[in-house]
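The structure appears below as structure tokens.
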Amino acid sequence: MADDRAQRAKSCLYGLAAIPMVWIAATAAAFPLTTDLAVAAPQGWDRMSAAELLIYIERIDSHGLQPADYEPEELSRAIRLGDDGELERQADESFGLVAHDLTNGHVRPGQRRRFYIATEPLESAEIARLIDHALASSIVGTLDGLAPRNDQYTALRAALGELPASSSAERRKIEASLERWRWMPHEIGEQHLLVNIPEYRLHVLADGKEVASHRVIVGKPQTPTPQFSAEVTGVVFNPSWHVPQSIVAESVGALVRNNPQVARARGYTWSYSGGGLQVTQQPGPGNALGEMKIDMPNPFTVYLHDTSNRELFDRDQRALSHGCIRTDKPFDLARLLLGGTDWTPARIDEVVASRKTTRVALERPMPVYTVYMTAYAAPDGTVSYFDDPYSFDQAINRLLDDRARS
């Protein structure tokens, strides 16, 4: 029976869309999908268990999902008809659709708008095991266990349940944010950094609780900061800035060619290599990266760093960069990351004053996630709502609403 279910479940799954990023494939294995299911003897669906599944589907809007997407009419018809074969097929189909969307999200990977965080897809064989487990124990408990279990998801669901239908703008922000949490790895680490782009804020979490937060500047709509994950491996004091070719073409190249004296005064050095202009800005307080950079290797060359334009943090709308993430109070962040080591504030100040580039490796790498949540809960559970600087929510809400599957 389990093998038959695995074959049937294939019809209700869609895998990762082809995203031309080696990063996705290489990092997916770091976030394994585990359900820790006890082995149970396979059982079949009956009217009572199918009715329990139907009730769950009718209430799935509490997750910001639409019941109609999980074939409730077809399941109800199969329950009424009482044909064992059709009931088994339809209940497997509906369960598989629900299980997939609670685990991996409803919107297909290729439609997620610059989202590059890898997760392991729920496969048909795993759905078959989940069905056996649900029928032997609890359908509700099994399906509830597939949804994200972090504090943000719980708080957003609670807020959605309390909002009246008339609060449509807030509800849609929560629905889009719940969906994005379902795209995330379900285990994101007890200690991690999380940059929420629409909030313009970096959150530092330890033991699952927020211990600090920092205002940030993110990419402009024309050069948006991607949603991605990486590992913080170190802190760099007095970094050099290897100017990206896009910025060389946009502005720095013209400065070097037309006013080289001013370019040198601003710390730029350059050479012509491979037929192109290569520009580096040397360490110093005027460096575009400021005096501190978080080392977090990634294919987007996006980093958390200090800035020489700290007055910009006073703006409410801070989508101002070419894609990198500038943070206020950078040395507070550095001290937090290097806590428990011999890198005291005095030693950090001494190194910064030297103007010499110094990299300090973290004893344990820490995950960092850059996400896009227009609804986000404070540590006390209060949900705040944010503007949509990249206009991503409308597309996600539309895909959630019209069930666009291709």
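A few notes on this one:
- No other residue among 179, 162 is in the same structural domain as residue 54 (by TED's automatic domain parsing), within 13 Å of the chain's Cα centre (by Cα) and either farther than 23 Å from residue 52 by Cα or among the hydroxyl-bearing types (Ser, Thr, Tyr) (or both) apart from 179.
- Every residue from segment 97-143 that is in contact with a Pro (Cβ under 7 Å, 6 or more places away or on another chain), in a helix (DSSP H, G or I) and closer than 22 Å to residue 188 by Cα: 104
- Listing of strands (runs of 3 or more DSSP E) fully contained in segment 329-385 that carry 2 or more residues being of a type in the set (D, E, K, R): 358-371
- Residue that is more than 31 Å from the chain's Cα centre (by Cα) and modelled with pLDDT of 90 or more, where the choices are 299, 239, 283: 283
- Scope segment 286-315; condition farther than 23 Å from residue 369 by Cβ and without any contact (Cβ under 8 Å) to a residue 40 or more places away in the chain; matching residues: 286, 308, 309, 310, 311, 314, 315
- In segment 231-242, the residues that are over 16 Å from residue 349 (Cβ atoms) reach residues that are of a type in the set (D, E, K, R) and modelled with pLDDT of 95 or more with C-beta atoms within less than 6 angstrom, at least six apart or across chains, in these pairs: 233/295; 234/295; 234/359; 239/293.
- Hey, residue 82 in the same structural domain as residue 179 (by TED's automatic domain parsing) and at pLDDT below 95 or not: yes
- Segments classed as strands (runs of 3 or more DSSP E), wholly inside segment 241-301, with at least 3 members that are touching a Pro at 6+ places or on another chain (Cβ under 8 Å) and loosely packed, with under 15 Cβ neighbours inside 10 Å: none
The values are calculated or read from the model by the stated rules, or taken from the named source; none is laboratory data. Bear in mind the structure is a predicted one, so any value in this text is a computation, not a measurement. All Cβ positions, glycine included, derive from the backbone under ideal geometry; neighbour counts span all protein chains shown.
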